[in-house]
Structure formats: C-alpha cells, structure tokens
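Chemist: Before I ask anything, here is the structure I am working with.
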Amino acid sequence: MRTKDAYRSFRLYVMGANGRGVRRLTSGRFDQRPAWSPNGRWIAYESRRGINVLHPDGSGRRRIQGTAGAAWPSWAPAGKRLAFADDGWIWTANRDGSRRRQLTRGSDPDWSPDGLSIAYVLPNGGVATIPASGGANGSLGKGLQPDWSPDGKRIAFARLAATGKFSVWVMNADGSNRQLVKRGARSPAWRPVASP
C-alpha cells in the first residue's frame, strides 16, 4: 500500500524483495490492507466498494459479491475461502462470495495456519478466537490486530495504552505467556516460513 498525496488516497503496489520493479496494481481511491493468498496467485484487498481480488500482475480483478463495506480480508490456508469484517461481524465466504457465513461480532480477522480457527478483535477491543466453522469463542485478553505465527503456536498482537501509544506483543495461542516485543509499534506480521 502506498500514498503519494498526504494520506488522501491509497493504492496497492508490488515490488521485488530487493526493492526493484515497483508496479502499481490498483487505481481506486482507498485500496488498502492487501492479503496474499497462500499459493501467491491472488491478492485480496479492501476498497471503498468492498473486498476485491486480483493477480499479482494486476490481472483478473473482481469484486467479491456481497462484501460492500467489508474490510480486513484474510485467506484460509487452502486459499479457497476468505474471512473478513462487515458491519461489525466476522464473516467467511468463498473467493467468489458464495457460501457466505456469519460467525460472530468483531473485526480484524486472521485465519489460523491449520484452517481451524480465526483470531479476531472483540467489539470491546480484546483478542479472541473462534472455530472457522462457527461456535463458541475464546477470549484471550486485551489487544487488537492479531496475527498467527506460521506454525500456529503463537499470536502477535498490538495493544493501545491509555497514553495513546501502541506496542506489539506475542502470546501463546491459548492466551498464555504474553511478552512485550516492541513499544511504539503496531500492525504486527510474522515472516513466512522459508521454503527448504
């Protein structure tokens, strides 16, 4: 995501890991929160009109049906379904918008690497998990912006202090062993597991 006009618009770009070959993918006014599919063939992103998907070369762009106003796309490990937040609820749907399912109230979903759970933010600001198939949630404590580790054993998350400053933490997937990683930071993301 990149802005060139003092945050009045956002567009998606891709580039090589070495910083070369920068290429713009989208031209919408507020295209943001990109999420790569597990196989690297698709990028889902949030736009003013809903969740869209496209290929990394910019081709194949299409809007996911029934996602007008939706945000925070997150891919299931198999790459066939997405979780997203819409109107205060966590939903899942196929990549084309079919088989849409309402799970629970919340925002900022992140699908676990094994595909069985979704971490998300409760309406009161706490991090929780819920089975991807639906069911009872498990509250893990205060936090926001959850992000599963590639092995599914830990969750990174941000916290916002009363002073208005963010910090990044990690915890076990059951909410235990919380550890501060960095003050003055937010939007945590794990490095993918390197291929052998």
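Chemist: If you go through the stretch 40-54 one residue at a time, do you hit one that is more than 24 Å from Ala189 (Cβ to Cβ), at pLDDT 90 or above, within 17 Å of the chain's Cα centre (by Cα) and of a type outside the set (Val, Ile, Thr)?
Modeler: Checked against the condition, which is being more than 24 Å from Ala189 (Cβ to Cβ), at pLDDT 90 or above, within 17 Å of the chain's Cα centre (by Cα) and of a type outside the set (Val, Ile, Thr), the stretch 40-54 yields no hits at all.
Chemist: For the stretch 121-152, name all the residues that are loosely packed, with under 15 Cβ neighbours inside 10 Å and either of a type in the set (Ser, Thr, Tyr) or out of contact with any strand residue (DSSP E or B) (no Cβ under 7 Å at 6 or more places or on another chain) (or both).
Modeler: Asn124, Ser133, Gly135, Ala136, Ser139, Pro150, Asp151
Chemist: Among the residues of the stretch 81-120 satisfying the criterion of being closer than 20 Å to Leu144 by Cα and of a type in the set (Ser, Thr, Tyr), which is surrounded by the most Cβ atoms within 10 Å (Cβ to Cβ)?
Modeler: Top of the filtered list is Tyr120.
Chemist: Name the pairs whose Cβ atoms lie under 9 Å apart, with the first residue in the stretch 19-44 and under 15 Å from Asn94 (Cα atoms), the second of a type in the set (Lys, Arg) and in a loop (DSSP other than H, G, I, E, B), and 6 or more positions between them or separate chains?
Modeler: Going by the 9 Å Cβ cut-off, the qualifying pairs are Ser37/Arg95; Trp42/Arg95; Ala44/Arg95.
Chemist: Which residue pairs have Cβ atoms closer than 6 Å, lie 6 or more positions apart in sequence or on different chains, and pair a first residue in the stretch 184-196 that is under 15 Å from Met171 (Cα atoms) and at pLDDT 85 or above with a second residue that is part of a loop (DSSP other than H, G, I, E, B) and not polar (S, T, N, Q)?
Modeler: Here the result reads Trp190/Pro150, each pair linking the stretch 184-196 to a residue that is part of a loop (DSSP other than H, G, I, E, B) and not polar (S, T, N, Q).
Chemist: For the structure I just gave you, tell me whether Gly135 is closer than 26 Å to Gly66 by Cβ, out of contact with any Gly (no Cβ under 7 Å at 6 or more places or on another chain) and free of Cβ contacts under 8 Å to residues at least 24 places away in the same chain.
Modeler: On the way: closer than 26 Å to Gly66 by Cβ: yes; out of contact with any Gly (no Cβ under 7 Å at 6 or more places or on another chain): yes; free of Cβ contacts under 8 Å to residues at least 24 places away in the same chain: yes.
Against the criterion (closer than 26 Å to Gly66 by Cβ, out of contact with any Gly (no Cβ under 7 Å at 6 or more places or on another chain) and free of Cβ contacts under 8 Å to residues at least 24 places away in the same chain), Gly135 qualifies.
Chemist: Let me ask another. What are the residues in the stretch 70-109 that are under 25 Å from Pro188 (Cβ atoms) and of a type in the set (S, T, N, Q), if any?
Modeler: The initial filter retains those residues of the stretch 70-109 that are under 25 Å from Pro188 (Cβ atoms), namely 70-79, 81-86, 88-92, 103-109.
Ser74, Thr92, Thr104, Ser107, listed by residue number.
Chemist: Scan the stretch 138-196 residue by residue and report those that are of a type in the set (A, V, I, L, M, F, W, C), outside any loop (DSSP other than H, G, I, E, B) and under 18 Å from Ser117 (Cβ atoms). Spell out how you get there, then give the answer.
Modeler: At the first step, the residues of the stretch 138-196 found to be of a type in the set (A, V, I, L, M, F, W, C) are 140, 144, 148, 155-158, 160-162, 166, 168-171, 173, 180-181, 185, 189-190, 193-194.
So of that shortlist, the ones also outside any loop (DSSP other than H, G, I, E, B) come out as 140, 144, 148, 155-158, 160, 166, 168-171, 180-181.
Within the stretch 138-196, Leu140, Leu144, Trp148, Ile155, Ala156, Phe157, Val170, Met171 qualify.
Chemist: Of the numbered conditions (1) within 21 Å of Gln102 (Cβ to Cβ); (2) under 14 Å from the mean Cα position of the chain (by Cα), Gln65 fails exactly one; give the number of that condition.
Modeler: It fails just one condition, (2).
Chemist: Based on what the data block shows, is Arg100 touching a Lys or Arg at 6+ places or on another chain (Cβ under 8 Å), of a type outside the set (S, T, N, Q), at pLDDT below 95 and closer than 25 Å to Val53 by Cα? Give the derivation first.
Modeler: On the way: touching a Lys or Arg at 6+ places or on another chain (Cβ under 8 Å): no; of a type outside the set (S, T, N, Q): yes; at pLDDT below 95: yes; closer than 25 Å to Val53 by Cα: yes.
Considered against the rule, which asks whether it is touching a Lys or Arg at 6+ places or on another chain (Cβ under 8 Å), of a type outside the set (S, T, N, Q), at pLDDT below 95 and closer than 25 Å to Val53 by Cα, Arg100 comes out as no.
The values are calculated or read from the model by the stated rules, or taken from the named source; none is laboratory data. This one's a predicted model, so the numbers in the text were calculated from it and none came from an experiment. Methodologically, a virtual Cβ is constructed for each residue, glycine included, from the backbone with ideal geometry; neighbour enumeration extends over all protein chains shown.
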